[in-house]
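To keep things clear, I will list the structure first and then write my remarks on it.
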Amino acid sequence: MAENNENLEDMSQEPMGFSDKVEREINNGIEADKLASEEEIAENQAIDEESFEMTAEEKLKIELAEMKDKYLRLYADFENFRRRTAKERLELISTANADTMKNILPVVDDFERAIKSFDETTEVKPLKEGVDLIYQKLYKTLESKGLKPMKTVGLPFDAELHESIAQYPAPNPELKGMVVDEVEKGYFLNDKVIRYAKVVVGA
């Protein structure tokens, strides 16, 4: 009976030791898995941080490329605008010259007819009247295009408008510094000086 009791105690103790061992192994496995998970989480965080840094750098590169592209497009647009404006300006000047020439051609025709009439008549008066009419016609044509003569004689000398080519002793003090004679007429074109008047100034 005593032996049976000892055997029963041994049998009852063996499963208890085995269970402890199993439980210990399970706990060890849980601890190992926990440590592995923590290491994996830390590694993933490091990878995420590195990925974030790379993403920020790439984002800056993309933004820089976009700004460079916008700059190049803007520069190209400006160059196209500059070329187009220059072309339009040249075309405008060419068209304006063509329009002026077209208006002057009838005057040229009148001069050609007047030259032919010189051989057909010996009377001076009709020729003079014809030339005067052609001059008036030419003057009105140019005036319609904005041409306007300067008034100089009797006005104070103005270096912005006049070119003094000589000085003449003024007959009275009031004429000192005044334009006393005009050698070559000056002209405005739309209120802009296109030829300075050559004048004689009282000294």
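Every number in this text was worked out from the coordinates using simple rules, so none of it is lab data. These numbers were taken from a predicted model, which means no experiment stands behind them. Backbone-built Cβ (ideal geometry, glycine too); neighbour counts: all protein chains shown.
Straight-line reach from residue 151: which lysines have a Cα under 18 Å away, not including same-chain ones fewer than 8 places off?
140, 176, 185, 192, 198
Given the C-alpha atoms of segment 112-155, compute the convex hull and give its volume per residue in Å³.
On the way: hull volume 4.0 nm³, N = 44.
Per residue, the Cα convex hull of segment 112-155 comes to 91 Å³.
Can you list residues from other chains, or at least 5 along the same chain, whose modelled amide H is less than 5 Å from the amide H of residue 182?
Result for residue 182 returns 200.
Could you calculate, for segment 147-203, the ratio of the Cα radius of gyration to the Kirkwood radius, expressed as Rg to Rh? Could the numbers behind the result be given before it?
Numbers: Rg = 11.2 Å, Rh = 11.2 Å.
For segment 147-203, the value is 1.00.
Give, in nm to one decimal, the length gained when the segment between residue 70 and residue 195 is fully stretched (0.36 nm per residue of separation minus the Cα-Cα distance).
Length gained between residue 70 and residue 195: 40.3 nm.
Give the long-range amide H neighbours of residue 203: residues separated by 5 or more places, or on another chain, with amide H under 5 Å away, using H modelled in the peptide plane at 1.01 Å from N.
168, 170, 177
Given H placed 1.01 Å from N in the peptide plane, which residues other than close sequence neighbours of residue 163 have an amide H under 5 Å from its amide H?
Placed amide hydrogens put 197, 198, 199 under 5 Å from residue 163.
Place +1 on the Cβ of every Lys and Arg and -1 on the Cβ of every Asp and Glu in segment 73-190, take the dipole about the Cα centre, and give the residue among 157, 142, 111 whose Cα lies farthest towards its positive end.
142
Under the Karplus relation 6.51 cos²θ - 1.76 cosθ + 1.60, θ = phi - 60°, what is the ordered set of whole-Hz ³J(HN,Hα) values for segment 154-159, x standing for Gly and Pro?
Residue by residue, segment 154-159 yields x, 9, x, 5, 10, 5 Hz.
Between segment 81-152 and segment 156-197, how many Å separate their Cα centres?
So the two Cα centres are separated by 26 Å.
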